[in-house]
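Values quoted throughout were computed directly from the atomic coordinates according to the rules given, and no laboratory measurement underlies them. Worth saying up front: this structure is predicted, and the values here are computed from it rather than measured. We place every Cβ from the backbone using ideal geometry, glycine too, and count neighbours over all the protein chains shown.
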Amino acid sequence: MSINSLTSGASAQSGILQSLSKGASSITDIQTQLSTNKKVLDPAQQGVVTRLSSQVTGFNAAQNNIAKAQNVLNVASTALTSISSLLTQMQDLANKANDSTMTSSDAAKLNQTFQHLLLQVQSTAAGAKVDGTGLLNNGTTASLAIQTGLTNTDITNISTVNSDIASLGLTGITTHASVASAAAVASAAAVGTNASIASAAAVASAAAVTAANISNATDAAAVIAALKTALDTVSTNQSSVAADQLSLTTVDGTNSSISQNLQNTIDSIQKPDAAALQIQLQNLNNQQSMNYYLINQMNQEAQGVLTIFR
């Protein structure tokens with residue numbers, strides 16, 4: 001009987017030890033889930049999470065593209081506002097120069113200021129870029145293609161709004177060219193035989209040989225009409241930029257909503273029920289305490305039985 005009791009006790013102790021081992025493994029598993037805030041997924045669940053996570057990553061990339069495009073549009077919008085202001089100042093100067101009684105000296109001073117503003121228009125259009133990408137001085141393409149979805153077919157086109165002096169019609173509008181140096185006079189044949197040289201400060205490069213000037217009333221009158229058209233063009237360009245900004249904002253909002261829904265689905269698969277896990281952890285800890293108590297009791301009983309045989 002004593003031997004059978006020992007055998008039975010050893011078997012029971014083995015079962016409790018197995019329970020202890022299994023309980024310790026379960027406790028570690030639950031603690032890992034609580035610390036990482038992620039369930040232990042089966043292969044099917046992991047496959048779904050991987051696929052959805054890839055889509056979220058794709059939408060994040062698209063939103064990054066949109067953010068960059070919006071930066072370009074914001075720079076273009078700011079530059080167009082500046083160009084509009086410059087053209088308005090030029091318009092005021094042209095109106096003042098459109099006076100046949102004005103002396104040539106006064107007209108030359110107005111034209112010098114006018115040419116300085118004209119150069120600012122050109123430099124503003126050329127400099128309105130973000131990382132080399134701009135919309136105001138891009139004569140090569142009619143639009144920029146922005147990937148705003150998961151594939152390269154999900155494209156939103158951003159219109160270029162060329163607003164340099166040539167695009168605004170502020171070159172080649174008069175027969176009186178204003179050039180930077182005498183060396184540039186040779187190219188004046190393109191605008192007529194009445195080409196004249198203004199001061200070196202008037203125009204920065206010979207490329208502006210046919211640029212608008214207000215050195216006399218006749219030219220000023222022509223410039224006034226050209227400036228009105230230029231301002232209309234800038235206004236249209238501003239509307240185009242605003243429309244593209246709104247379009248991108250709409251696409252971005254849609255992408256954000258879809259991406260959030262995908263992430264919510266991922267979370268519903270991945271994230272454990274922390275409250276339920278805490279209850280399981282407490283129950284396991286209680287069971288482990290009981291197992292340790294039983295092992296201790298069995299060890300004491302086995303020790304007592306072994307004493308009889310001494």
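The table for this structure:
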item: Hull shadow area, averaged, region 1-126 [alpha-carbon convex hull, nm²]; result: 14.2
item: Estimated distance in nm for a label pair at LYS109 and LEU150, the labels positioned 7 Å out from Cα along Cα-to-Cβ; result: 6.9
item: Those residues of region 271-301 whose amide nitrogen sits under 17 Å from the label point placed on ALA24, 7 Å along Cα→Cβ; result: 284-296
item: Given LYS96/LYS228; LYS96/LYS129; LYS68/LYS228, the pairs whose alpha carbons are separated by over 27 Å; result: LYS96/LYS129; LYS68/LYS228
item: Whole-Å semi-axes of the ellipsoid equivalent to region 114-156 (Cα gyration tensor, √5λ, descending); result: 31, 9, 6
item: Cut-off under 5 Å, modelled amide H: who pairs with LYS39 long-range; result: LYS271
item: Straight-distance crosslink candidates among lysines, where the alpha carbon sits under 16 Å from LYS39 and sequence neighbours closer than 8 are dropped; result: LYS271
item: Long-range HN-HN contacts of SER143 with modeled amide H, under 5 Å; result: THR160
item: Extension gain (nm, one decimal) between ALA217 and SER268, 0.36 nm per residue minus Cα-Cα; result: 10.8 nm
item: Potential lengthening between LEU17 and THR36 on full extension [0.36 nm per residue; Cα-Cα distance subtracted]; result: 4.0 nm
